[in-house]
Amino acid sequence: MSKPYKKITVFYNENKKTSHTVIARLKKFFGKRKIKIDYVPCHNHKKWTSDAELVITLGGDGTVLHAARDLGGKKIPLLGVNIGSLGFLTAIESKDLIRRLPEILNRKFKPQKKYLIEASIVSDNKKVASYNAFNDCVIKNIEPRIMELQAKIDNKFSMNYLSDGLIISTPSGSTAYALAAGGPIVFPGLDVFIIAPICPHMLTHRPIVLSSKQNLSVKPFIKKSKKCLLPVLSIDGQINVEIEPDCEIKIKRSKKFTTMLIPPEYDYFGVLSRKLKWGQR
């Protein structure tokens, strides 16, 4: 029988008033229990998961994304608690947290592995920088102008995209930016990723689902005469890095996973229906 969690980090969005209300309730709940609790603000933190057995996020999807990247590759489960508006990536609502804490602490919630994707900036065949994304990585122009992107799958020519950019998404991110760009909803756990062009300028450019075993490279075409083209690599919409001329972005499934906790009664299609109005008239 698994031992209850004894070391917990609460990773919270300090800019939301509800966070502080929930933290006050948590302090009251944990006051009489021999459990080590650390409270870490998500916008101002350093190393924070060295000895945690469980991380609970208080916020919305942005807070979950922040924590999920930090926990990538670490065997520390993450439980998302929604105090935002949508909270698609969260497991439960804040109003239910105290009531369900005994279940959570006694490991009654189910672990669900989510793989990350790795996006590397490469120049002259040398890796300049590398990032892991939980939802998606996006290559786009910093200005609202069309750009040309050459995509290769497994080092073979695929196509040139004329669009506002390109989204490469995990199944977790299929209900985020990729969905808004016309991409498919992909069931969690499938070993795939999605390529979705943003506002493509050709009718033949459509989203595609690839095996996560395949490697993808994307190279922006930047002509010297078009100084207005300033491509950036965006990681989960939270980290943005300028792409220098002649660089390419290489994308593959990361070796890192994040373990999310979900309640025993979790129903993915129920969440789609409740939060995104899927299947409703």
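The phi-based Karplus calculation (6.51 cos²θ - 1.76 cosθ + 1.60; θ = phi - 60°) puts the 3J(HN,Hα) values of the stretch 258-274 at 10, 9, 9, 9, 10, x, x, 8, 4, 10, 4, 5, x, 5, 4, 5, 6 Hz, whole numbers, x for Gly and Pro. Partner lysines whose Cα lies under 16 Å from the Cα of Lys32, excluding those fewer than 8 positions away in the same chain, are identified as Lys6, Lys7. Nearest 10 degrees, 0 to 90: what angle lies between the long axis of helix 17-30 and the longest principal axis of the chain (Cα atoms)? That works out to roughly 40 degrees.
The loop-placed trypsin sites (Lys or Arg not before Pro) in the stretch 160-268, going by DSSP, that have at most 14 neighbouring Cβ atoms within 10 Å of their Cβ come out as Lys213, Lys223, Lys224, Lys226, Lys227. In terms of its C-alpha gyration tensor, the stretch 74-185 has a prolate overall shape, because the principal axis ratio a/c (a ≥ b ≥ c, square roots of the eigenvalues) is not below 1.5 and a/b outweighs b/c. The GluC sites (Glu not before Pro) of the stretch 174-281 that DSSP puts in a loop, and whose beta carbon has at most 13 other beta carbons within 10 Å, are Glu265. Applying the Kirkwood pairwise sum to the alpha-carbon positions of the stretch 150-245 produces a hydrodynamic radius of 14.2 angstrom. Here's how it looks for Ile142: its modeled amide H is under 5 Å from those of Leu230, Val232, which are all 5 or more places away or on a different chain. Applying a DSSP loop filter and a limit of 12 other Cβ atoms within 10 Å to the trypsin sites (Lys or Arg not before Pro) in the stretch 43-133 leaves Lys46, Lys47, Lys75. Please give every one of the aspartates and glutamates within straight-line cross-link reach of Lys110, meaning a C-alpha to C-alpha distance under 16 Å, and leave out same-chain neighbours fewer than 8 residues apart. Hits, sequence-local ones excluded: Glu53, Glu265, Asp267. Shown is the FRET efficiency for Ala24 and Trp278, computed with R0 = 41 Å from the Cβ-Cβ distance and rounded to the nearest 0.05: 0.70. Magnitude of the charge dipole for the chain, about its Cα centre and with charges confined to Cβ atoms of Lys, Arg (+1) and Asp, Glu (-1), is about 1100 debye. The string of couplings for the stretch 95-111 from the Karplus curve (6.51, -1.76, 1.60, θ = phi - 60°) is 5, 9, 4, 4, 4, 9, 4, x, 5, 5, 5, 8, 6, 7, 7, 8, x Hz, one whole number per residue in order, with x for Gly and Pro.
Ellipsoid semi-axes for the chain, based on the Cα gyration tensor and the rule √(5λ), read 37, 20, 17 Å when sorted largest first.
Throughout, read-outs are computed from the coordinates displayed, never taken from laboratory work. This one's a predicted model, so the numbers in the text were calculated from it and none came from an experiment. When we count neighbours, we look across all protein chains shown, and the Cβ atoms used for this are built from the backbone with ideal geometry, even at glycine.
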